[in-house]
Amino acid sequence: MEQETLLPLLCGTAQGKKQDFARLYQITSGQVYAVVLKMLQNTALAEEATQDAYIKVWHNAGSYQRGKGTVLTWIISIARYRALDLMRHHKVRKETPLDDDDHHPDENNN
């Protein structure tokens, strides 16, 4: 993926051009999905992270800064942060259930 191809599409996205966003998604989403799938090891969560990342790209396309990396790197970093959020949330949800005994210790156990 060439920066020369992706940068105009991202600029168009920043201007609200849906066709540029659709093309940007078409070109980059496979790689983005592969990165988050490798991180999450769960297709449903990887799809969620990818979708959330592109929603963020749509809303924040104008905040991209060329000096900080390529368009693809920027999109992947957004997706990776979302995947990390999902990993933390998923882990917390797995560890959250507690037995009632943990909330109300038996008075006989001193």
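The values are calculated or read from the model by the stated rules, or taken from the named source; none is laboratory data. Predicted, not measured: the structure shown is a model, and the values here were computed from it. Neighbour counts run over all protein chains shown; Cβ positions are idealised from the backbone, glycine included.
What number of residues within segment 81-97 satisfy the criterion of being outside any helix (DSSP H, G or I) and at pLDDT below 50?
So the answer is 1.
If I go through segment 14-49 residue by residue, how many of them are in a helix (DSSP H, G or I) and more than 16 Å from Arg88 (Cα to Cα)? Give the steps one after another, and end with the answer.
From segment 14-49, those in a helix (DSSP H, G or I) are 14, 18-40, 43-49; that's our starting set.
Among the residues that remain, those that are also more than 16 Å from Arg88 (Cα to Cα) are: 14, 18-35, 43, 47.
Residues that pass the stated criteria total 21.
Would you point out the residue of segment 45-55, among those that are buried (at least 19 other Cβ atoms within 10 Å of the Cβ) and not hydrophobic (A, V, I, L, M, F, W, C), that is farthest from Gln65 (Cα to Cα)?
Here the residue is Thr50.
Determine, yes or no, whether Leu7 is assigned to a helix (DSSP H, G or I) and either surrounded by 18 or more Cβ atoms within 10 Å (Cβ to Cβ) or of a type in the set (Ser, Thr, Tyr) (or both).
Numbers: assigned to a helix (DSSP H, G or I): yes; either surrounded by 18 or more Cβ atoms within 10 Å (Cβ to Cβ) or of a type in the set (Ser, Thr, Tyr) (or both): no.
So Leu7 fails the test.
Can you pull out every residue in segment 28-44 that is of a type outside the set (Val, Ile, Thr), at pLDDT 95 or above and crowded, with 16+ Cβ neighbours inside 10 Å?
Within segment 28-44, Ser29, Tyr33, Leu37 meet the criteria.
For a quick check of your reading of the model, give me the residue pairs whose first member lies in segment 20-38 and is in contact (Cβ under 8 Å) with a residue 40 or more places away in the chain, whose second is among the charged types (D, E, K, R) and crowded, with 16+ Cβ neighbours inside 10 Å, with beta-carbon atoms closer than 8 Å and at least 6 apart or on different chains.
Here the result reads Val35/Arg80; Val36/Arg80; Val36/Arg82, each pair linking segment 20-38 to a residue that is among the charged types (D, E, K, R) and crowded, with 16+ Cβ neighbours inside 10 Å.
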